[in-house]
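**Q** This structure is in structure tokens; I'll ask about it shortly.
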Amino acid sequence: MKKLIPILLLTAMLCAILLTGCGGKDTLTLNVYNWGEYISDGSEDSFDTIREFEKWYEAEYGQKLKVNYDTYASNEDMYNKLSTGAVSYDVVIPSDYMIARMAAENMLLPLDYSNIPNYEYIDESFRGLYYDPDNVYTVPYTYGVVGIIYNANVVDEADAVDWDLMWNSKYAGNIVQFNNSRDAFATAQYKLGLDVNSTDHANWDAALAELKTQAPLIKSYVMDEIYNMMESGEAAVGAYYAGDYFTMLDAQSDSVDLRFYYPERTNYFVDAMCIPSSCQHKELAEIFINYMLSEEPAIANAEYIYYASPNALVYESADYAEELGEEAMEILYPGIENFSELYNEYAYRNLDAETLDYVNTLWEELKIA
Amino acid sequence: MKMKPLAKFYTVLVMVFLFAPIVILLVFSFNEAKSLSVFSGFSFYWYRELFRDSDTLGAVRNTLLLAVSASLLSTVMGTAAAVGIFKLRSKYLRTIMDTVTNIPMINPDIITGISLMLMFVFVGRLFGAATSLSFWTMLIAHITFCLPYVILQVLPKLQQMDKSLPEAAQDLGCTPLRAFFKVEIPEILPGIVTGLIMAFTLSLDDFVISYFTAGNGFQTLPIRIYNMTKKTVTPKMYALATIIFFVILILLMISNLFDSESAETVRKAKEKKSKKMKENTK
């Protein structure tokens, strides 16, 4: 018995090492780095994007392909990993402000759009956005808009107007606010009609004053916890992304009736596919990006992630519209004709270090008070 | 022994804090719906989903592979190191060795992680590699933080061992090597096994160091779960956590059984010995 344990462990280890060792030399490898839970992965009978791409590639090019699919939790995590040069990825999907930063630091390669013919399905209003004004580096993947979610069993329909609902003292102790400085200050700035990318201290001071008047009404400052708090009815008012509202709606308890609306001014984001400078198979990466834009994977991903897609093959698809339902389509796609205008005006940009510092001091002041 | 009411209450309180989170996780892993607030019905749905998720299973496989290799290698290296330290004549040198081996244990994980990553990147650049992090660098990192725990388990067993035992074996004709394997190893085996189990569990649940040293295409389970925070963590993970909990529980029970058995044999052997000695003195 005593001798058996080490022997068993040793054989297990050898087997495992042999298993990982045999990749085969004529197999191509593509390294993809994406947010966790941000692709249709075959769970709950969905489309398994990565496996299907491998199959499709082999059928199309007669060459075996293995996709190494890794995930990250935040733009900053991804940035740190790439900037040390310790890893190399062929495709990454960062958010807008991070793309601007990476492009400025020469961490992205210009795309060869002739390898990405499906780019034609990306709507005109998603091209030339501030983070990539000349359309050199990016192919948009998803976009989203922040809106206000409320429990109609607690909140009076008539009170659900603009950002005022989050400052309404009738619902004191029922309101949740973002637990990160940028998002929290932005709610106040949008409410007051201020610029969220201002470097003017007076602007941020005004936002702080507004947040301080809101503070006594706040149940707590939350990020991910908002899901459970809204679903269970523990909180009745909060702001979050439209796509995430549907996740909550799916899981709300019987006593809760969640609703959603957009305030007049609000935050927009775009996540886009890029090729980082450490890429080793650029053409292959472009083929992958093109595949992600083709009908089946694009629709599957949009259905899985529940964020809006800038791809015409998705938002014009009758199947997709039916799957989501009328209400969801209206909320996710609130008219995108002037998206680029709204986006360039209201989306977050990288703040300079001095302003960031100042905002963080104000944020601490709010949290301590 | 009877417990006073207050002591009873206190024990229950401690148990609740320790196990309530696990019980909640366990219950909701059998939930039919996705929600954490409403239990809508019993089902194995999330377990089925889990076993269909090839990426998560891949991460489990990576984690196990890493934990098994790291714990075995660090046990061999750690035992050898402990024997070496034990045999050092100079007390001064021994103290130095003790301190040096303790540093990785006392060092915050985040510092160990960052410094290992920097070293791997530096060495990788030196050799002009495109990527410097891989399974092998992660293995080195895991061995690094497991080693001191193994040494810490084995060293006391060596000190408890009767020094004349290996000497006696050699007197009776054993070569030093044979004496080591036939006499010393069985004596310190409980320490080695405990060290192995500790190294295994440490490697299994390490997040911080793995996070910094993970390379292309080799992500462990803790990293995968952490990365799910853009969206919510799916109940698949509750199912997985429940399975892991029970596997660990069974392993723990086996190891405890093993421990008490060996303690029993040691006790019996000692009794025999003292009886014989008494008889001899009569």
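Read-outs: derived from the displayed coordinates by stated rules, not from any lab. This one's a predicted model, so the numbers in the text were calculated from it and none came from an experiment. No Cβ is skipped: glycine too gets one built from the backbone with ideal geometry, and neighbour counts run over all protein chains shown.
**Q** Expressed as a whole number of Å, what is the distance separating the alpha-carbon centroids of the range A:154-211 and the range A:94-126?
**A** 32
**Q** Mind jotting down the distance between the C-alpha centroids of the range B:108-138 and the range A:304-369, whole Å?
**A** Between the Cα centre of the range A:304-369 and that of the range B:108-138, the gap is 37 Å.
**Q** Mean 1/r over all different Cα pairs, inverted: what Kirkwood radius does the range B:45-268 give, in Å?
**A** Result for the range B:45-268 stands at 19.8 Å.
**Q** Continuing with this model, one more query. Between A:K367 and A:Y261, what is the label-point separation in nm under the 7 Å Cα-to-beta-carbon projection?
**A** According to this spin-label approximation, the distance is 3.2 nm.
**Q** Could you tell me what % of all Cα pairs in the range A:304-369 have separations over 15 Å?
**A** So the pairs more than 15 Å apart make up 67 percent of the total in the range A:304-369.
**Q** Quick one: angle between helix B:185-205 and the longest Cα principal axis of chain B, in degrees between 0 and 90, rounded to 10, please.
**A** 20
**Q** What is the list of residues in the range A:91-118 whose amide nitrogen lies under 11 Å from a point 7 angstrom out from the Cα of A:D352, following Cα to Cβ?
**A** Of the residues in the range A:91-118, none has backbone N under 11 Å from the label point off A:D352.
**Q** Evaluate the distance, in nm, between pseudo-label points positioned 7 Å from the Cα of A:E58 and of B:V14 along their respective Cα→Cβ axes.
**A** 5.6
**Q** Same structure, new question: How do B:I223, B:I106, B:I22 rank when sorted from fewest to most other Cβ atoms within 10 Å of their own Cβ?
**A** Going from least to most buried by this count: B:I106, B:I22, B:I223.
**Q** Taking the beta-carbon count within 10 Å as an exposure proxy, list B:M198, A:M230, A:M292, B:M3 from fewest neighbours to most.
**A** B:M3, B:M198, A:M292, A:M230
**Q** Quickly work out the B:M253-to-A:E76 label distance, labels modelled 7 Å from Cα along the C-beta direction, and quote it in nm with one decimal.
**A** Computed distance between label sites A:E76 and B:M253 equals 4.4 nm.
**Q** Counting each DSSP H run of 4 or more residues in the protein assembly as shown as -39500 (n - 2.57), what helix-only mean residue ellipticity at 222 nm follows after dividing by all residues, to the nearest 500 deg cm²/dmol? Walk me through the intermediate numbers first.
**A** Working: 27 runs with 374 residues, N = 651.
Only helices count here, giving -18500 deg cm²/dmol.
**Q** What is the helix-to-structure angle for A:4-21, meaning the angle in degrees between its Cα long axis and the longest Cα principal axis of chain A, kept from 0 to 90 and rounded to the nearest 10?
**A** Helix A:4-21 sits at roughly 90 degrees to that axis.
**Q** Between A:E283 and A:E316, what FRET efficiency follows from the Cβ-Cβ distance if R0 is 30 Å, with the result rounded to 0.05?
**A** Calculated value: 0.55.
**Q** Considering the options B:T234, B:M119, B:W46, tell which one lies farthest towards the positive end of the dipole of the range B:45-268, charges being +1 on Lys and Arg and -1 on Asp and Glu at the Cβ, about the Cα centre.
**A** B:M119
**Q** Another one. Relative to the longest principal axis of the C-alpha atoms of chain B, give the angle of the C-alpha long axis of helix B:236-281, reported between 0 and 90° and rounded to the nearest 10°.
**A** Roughly 10 degrees, rounded to the nearest 10.
**Q** For B:R48, B:R89, A:R127, what's the fewest-to-most ordering of other Cβ within 10 Å of each Cβ?
**A** Ordered by Cβ neighbours within 10 Å, fewest first: B:R89, B:R48, A:R127.
**Q** Name the residue from B:T131, B:I85, B:M105 whose Cα lies farthest towards the positive end of the charge dipole of the range B:45-268, charges +1 on Cβ of Lys and Arg and -1 on Cβ of Asp and Glu.
**A** The residue sitting most towards the positive pole is B:T131.
**Q** For chain A, how big is Rg over Rh, using alpha carbon atoms and the Kirkwood form of Rh?
**A** Using only Cα positions, Rg/Rh for chain A is 1.02.
**Q** How large is the charge dipole for the protein assembly as shown, taken about the Cα centre, if only the Cβ atoms of Lys, Arg (+1) and Asp, Glu (-1) carry charge, to the nearest 20 debye?
**A** So the magnitude is around 6560 debye.
**Q** Also, quick follow-up: About the Cα centre of chain B, what is the dipole size in debye to 20, counting +1 per Lys and Arg Cβ and -1 per Asp and Glu Cβ, all else neutral?
**A** The dipole magnitude comes to about 800 debye.
**Q** Give the residues of the range A:240-255 whose amide nitrogen is closer than 15 Å to a point set 7 Å from the Cα of B:E32 in the direction of its Cβ.
**A** Output list for this probe position: A:251-254.
**Q** After finding the eigenvalues of the alpha carbon gyration tensor for the range A:111-269, what semi-axes result from the square roots of 5 times each, listed largest first in whole Å?
**A** Over the Cα atoms of the range A:111-269, the semi-axes work out to 32, 22, 12 Å.
**Q** Given B:G191, A:I116, B:L36, which one lies farthest toward the positive end of the charge dipole of the protein assembly as shown, if we put +1 on the Cβ of every Lys and Arg and -1 on the Cβ of every Asp and Glu?
**A** Selected residue: B:G191.
**Q** With only alpha-carbon atoms counted, please give the Rg and Dmax of the protein assembly as shown, in Å.
**A** Radius of gyration, then largest Cα-Cα span, for the protein assembly as shown: 29.6, 105 Å.
**Q** Please check: in the Gaussian network model of chain B (C-alpha springs, under 10 Å), which one of B:L249, B:L147, B:L221 has the largest mean-square fluctuation.
**A** Of B:L249, B:L147, B:L221, the most mobile in the Gaussian network model is B:L249.
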